Every structure is written in C-alpha cells, then in structure tokens.
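Presented below is the structure to which this report refers.
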Amino acid sequence: MTEQKKPRPTLSPDRESESGALRIYSKAKQVIADEIRFFLHCFLELKVGPTAAAYREWLRKLAEDRCMVAVVGQFHRGKSSLLNALIGREELPAGISPMTSACTRIRFGSDERLFVQYDGTSSAEEVPYARLAEYVTESGNPGNRKNVLAAVLELPLPLLRRGIEFIDTPGFGSVPEASSSLALPSLPPCDAVLFVTDLNGPLSSAETRYLNQFRGHVHKMFFIVNKLDLLNSSEKDLGIERVATALRREAQANDLRVFPVSAGSEWLEKPPNGGTIFAPNGIDRLIDALTAFLAAEKSRTFLVPALDGSLLLLNEGRSCLSDQRTDPAVVSKLDRFKERILRLRARILSNDLPATAEFPPMKVETAGEGLPSQAPEAKEPDLSADLRRRGCPACLHITLALLDDFVQRQYALASDPQAPFDFAVHSGFCPLHTWQLLTVSSPQGMSVGYAALVDKIAGRLAHIAEITSNSGENTSSLVATSRECPACRLLREVERTYIRRLADFLQGETGRTAFRNSFGLCLRHLEMTIGSTPTEELKRFLLLQSAQKLDQIAEDMRNFAIKNDALCRGIQNRDEKEAYLKAVRQIVGERAFCVPWALDTEV
C-alpha cells in the first residue's frame, strides 16, 4: 500500500459513535470493573494479599478484553474487501489474484500505526504505516518468506473502539500452499468467525472441507455471501438461496446466519437527518448482527464468569476477615456488595446489561465594556479546520485571537511611547489576562510597557492614604475588572462573532459531519451556539452529539482507571490517557481560555 486511502463511512454517522450493542456491553463491563475495584482496594487496605491479587487478575482480564473476529474463506472471495467495507476505509490490499500471504490484525489505536510480529518472537516491530502490503501480500511477501506471524494495524475508528479486533487471514485452497496453510493454524481463539463465499458458483471442495472440519463451531460463524452486485435483481434471490442451502447442508445446521453483501460496491443512501452518504451494500445489517451477537456471547462467556469468580473470592475473603475479627461494619459492607454482584449477575443473564450514571449539565454567563482591543478579528475562520482540532473549536479560535492581541499589544507597549500611558489610563488588564500577557512578554517588554501603570497605581495609593475613609475609594478599584480589561472585551467580541458563524455553518450537512467527527464544544460555547441556532432540530442534534462525546470521554476515563489499577498501563491508548483532560476541556473550556466575567453582574 503506497498511500493512505480516503475514509469512507459505512455506518450512518449518528450510529457510528455508539457501535450498538457493544457499547452497552462495554458499559456493563465497566460497572463490573467498578465493583471489583472496590474489593481490590478494600482487601488491600485490610492486607488480605492473596485475595487482592486475585481480584487484580480479574481486573487485568477485564482491561485486556477484546472481541476477536476472524475473517476466513477461500482465496478470491473478497475477504479483504469485506474488511475494508466493515471498517469503512480501504486499508487492506485487495485485488483480483490471491493477495494475502500473512494475517493482518486490525484493532483500535488513537493514531494510525502498523506493527509487525514475526513468528518465534514475543515483541512487535513498528514499521511505516504505508508499508502494509510489503508484509501481508503475495507480491510483497511471497509465501510469507519473511516469516510474519501477523501485521497489526491500529486505526482510530469508532467500530474498533469497543474492543473489536478483526483478523484478515490468507485464503485457503490457493496456490502456493504456504498461504493456504496459514489460514487456520495461525488463528487465535475467536469470539466470532466471518466465513466469506460468493455467488460465482457452487461451494468448492476446499470450502466444504473447512466446514466439515469446523462444524462444531458453527454457532460462532457468520456466513457472508459476497459479490451480490454481480447478479441482476431477478437472479439474486435464487443465487443467495442456492448458496445458503449448500452452506446449511455442509455445516449440518439449519439456523445459519447468512448475509448477502456487495463489499466492493456502493450506493447512495439518505440518512435520517438529511444529506447523502455512501454505504456498502448489506454491511450495516451485518455489523448490527455481529455486534449484537458479540455482546450477548461475551456477556455469557466472559462477564458472568467474571462475576462468579468475584463472588468466590469475596466469600473466601469474607471468611478470612471473619477469622481476623474484622469490624462487623466492614463485613456488613462486603455482604451488601455481594448482593449487588448477585443482582448484576441476574441482570446480565436476563440480557439487561447495566450502564453507568449520567450527569446533569451546568450553566454560564457573559460581560461589558473596556479599552478597545488591539487586534480585532482579521479574517474569516476556517470552520472545517477548526472542528478537526483536539479541543473546543471556539475556545481554540478565541485563544489564538487573544494570543495575537497579546503579541501585538506587547510590541506596541515596548515600541510606542504613547501606548504604555494609554494602557495605564484604563488600569491595564484584569488579573487573569495580566498573567497571560506575561507568558508572551520578555522582561524588557514588561519593564517598558508596565512602568506607567505601576507609576499610576503608586500615585493612587498615595492619594488614598491622604483622603478620608468616607470617600468610598479603595485599592480594589486600582485593578481592572472584566468590564475595563481590553483582553476580556476582545474575547467577547471574537466569541460572539465566531459563535454566530459556527451556528450558520452547522445548519448544513458539511458542518454537521464535521461536528460529528470533532472534539465537540465546551459547555459554555455549546450553550451559546444553541442560543444562536434557529431550529429546534439543530439544537437537539448539538445536544445529542455533545452527550455522546461526553459519554465516550467518561468511558475512556473509566478504562484508564481500570487498566491503571490492573497494572496494564501498556495497553492504555492515547484517548484513555487524555480522557480526563478532555473532560475538563469540554466542561470548563480550554486552559488558555478562561471566562472571569461570572464575577461581574453582567455578561
């Protein structure tokens, strides 16, 4: 692969960040981890070592949990094309000849990265992202002569965020046989298998041998009938039924999950909120069924055993604490948590997965007049580019405008003889922006620019000392408030203009798509944007998208804590490491942009 392909959406944007049933499964897993972490810390405090160590092991399992999905099939059935369609990006090499010579594992990562693990080694080597084809295709690695165990592709995609890991395998029944031999033995234990065939003809002998060999695992298999676009409308139903009948016969199962798709084709689809997107034929239905199956399967085979193991350890630990004559209140607390775990277990078995708590929103305000700003907004903002930044676009835009103002004002204070006196007349900046100005100023610039203000304050102090106390004048009047501060005024001017432009931009589908893929807005600027929005539909869109982004941040924060407690820091991704910072930014805004105006009576 010589260049990165342009992303192509497969899920409708409003569903993409949720990943359906896997989101609920992930929430339930975090609830269980929270319970286990309570016991871990409780037993650590009580110095019950072996029990605490065992709980930490369960935390490790929860932290490392993934949903492994292998894609298997005969060569030239379109496995790599199917995976490209599933992830919505043309990342895997796909072509007419049998191309795959080694496994590719696709998992979530905060950045696009590629690792190669060689057979017989325990560590992986990071290689340039664009060189995937050199390690996994017959043209780049004939017969897997490079001895690649797996190439691991990390991508920041919503479908992968919930822990799905896809494995693209070499096609069986191909020549050379080296590729064919890799198809099964190199597969790790999987939670689901996507068996790919197509409508080109009857099942091959290689496919029937495969189905006979793995007949006992058919409950984990999804049968994909690819290349639906090769037949006309009248032939499709007959072709699908012919292949489905053959699959049921060879697998000896009448309840197979059969999904007809056209992994390489696209058609225009109207999403519920308007606009137009491209969607691969049948892929959404497959993703829905796959994620629902994985959530149910993993709940039964992983979450319930985790709770059972925790209950066993809790009983052992409780007995140990009773022998040590522990405070009865502590034992009673453990008993209450045992009841909670039993309720959790019952809910999971009844397919009623628990979710984490939600938090109420907050309110904010605005403010007045002051010294004219030095650097009013000079050019039209690039809103699409702003929404690609890792932070509130309004905060970042306003911060840059303020920084430009600081730089220009500091230059004026240091070079224009009149500027320091004008600055002093209006008492300079408010305390917050005085310190921010200092970060961009040199000692020389501050000494020159601030001397007149210091002189003024000194004179005023001397005057206050000589006048009577009933004059009402005090030292607090010597410091600029947000009403007089030119930096605060600049923030208000730039903020109001930017929010109006952003609200207009978000009325179109281009703006909404950019917002879906963005960091989002801090609560202050979300409220202001909603206030500038003309339609209730757009207000609802902004609120729901913001709620989803905060929900995702909360999930990443909990994942970070779980992996930290489980001593699994090596598998923490960047989103999880930065989640607490994202939370603060989205709730109170960017660090460099702070609103001091709440201290004043007007905004």
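The values are calculated or read from the model by the stated rules, or taken from the named source; none is laboratory data. Small disclaimer: the values here were computed from a predicted structure and weren't measured. Here Cβ is always computed from backbone atoms with ideal geometry, including for glycine, and neighbour counts include all displayed protein chains.
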| message | As an exercise: evaluate S110 against (1) more than 30 Å from the chain's Cα centre (by Cα); (2) over 24 Å from L194 (Cα atoms); (3) among the polar types (S, T, N, Q) and give the number of the one condition it does not meet. | response | (1)
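Checking the conditions here, which among L153, L160 is part of a helix (DSSP H, G or I), within 22 Å of I571 (Cα to Cα) and either aromatic (F, W, Y) or under 24 Å from the mean Cα position of the chain (by Cα) (or both)? Give the steps one after another, and end with the answer.
Working: L153 fails: part of a helix (DSSP H, G or I).
Of L153, L160, the one residue that is part of a helix (DSSP H, G or I), within 22 Å of I571 (Cα to Cα) and either aromatic (F, W, Y) or under 24 Å from the mean Cα position of the chain (by Cα) (or both) is L160.
Before we move on, is A130 over 30 Å from E235 (Cα atoms), in contact with a Lys or Arg (Cβ under 7 Å, 6 or more places away or on another chain), small (G, A, S) and at pLDDT 85 or above? Before the answer, list the steps.
Working: over 30 Å from E235 (Cα atoms): yes; in contact with a Lys or Arg (Cβ under 7 Å, 6 or more places away or on another chain): no; small (G, A, S): yes; at pLDDT 85 or above: yes.
No.
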| For A306: the one exception among (1) surrounded by fewer than 19 Cβ atoms within 10 Å (Cβ to Cβ); (2) of a type in the set (G, A, S); (3) out of contact with any Ser or Thr (no Cβ under 9 Å at 6 or more places or on another chain); (4) modelled with pLDDT of 85 or more | (1)
| message | So A263 ticks every box in (1) modelled with pLDDT of 85 or more; (2) outside any helix (DSSP H, G or I) but one. Which box is left unticked? | response | (1)
| request: Answer yes if at least one residue in the range 433-456 is charged (D, E, K, R) and within 30 Å of D382 (Cα to Cα), and no otherwise. | output: no
| said: Taking the criterion of being modelled with pLDDT under 85, aromatic (F, W, Y) and over 35 Å from the mean Cα position of the chain (by Cα), would at least one residue in the range 214-223 satisfy it? | reply: yes
| request: List every residue pair whose Cβ atoms lie under 6 Å apart, where the two residues are 6 or more positions apart in sequence or sit on different chains, the first residue falls within the range 540-568 and is at negative phi, and the second residue, located anywhere, is surrounded by 18 or more Cβ atoms within 10 Å (Cβ to Cβ) and aromatic (F, W, Y). | output: none
| request: Please state which one of L438, L453, L523, L478 is closer than 26 Å to H397 by Cα and in contact (Cβ under 8 Å) with a residue 24 or more places away in the chain. | output: L523
| task | Give the range 564-589 a look and list any residue that's basic (K, R) and out of contact with any Asp or Glu (no Cβ under 8 Å at 6 or more places or on another chain), or say none. | result | R569, K577, R585
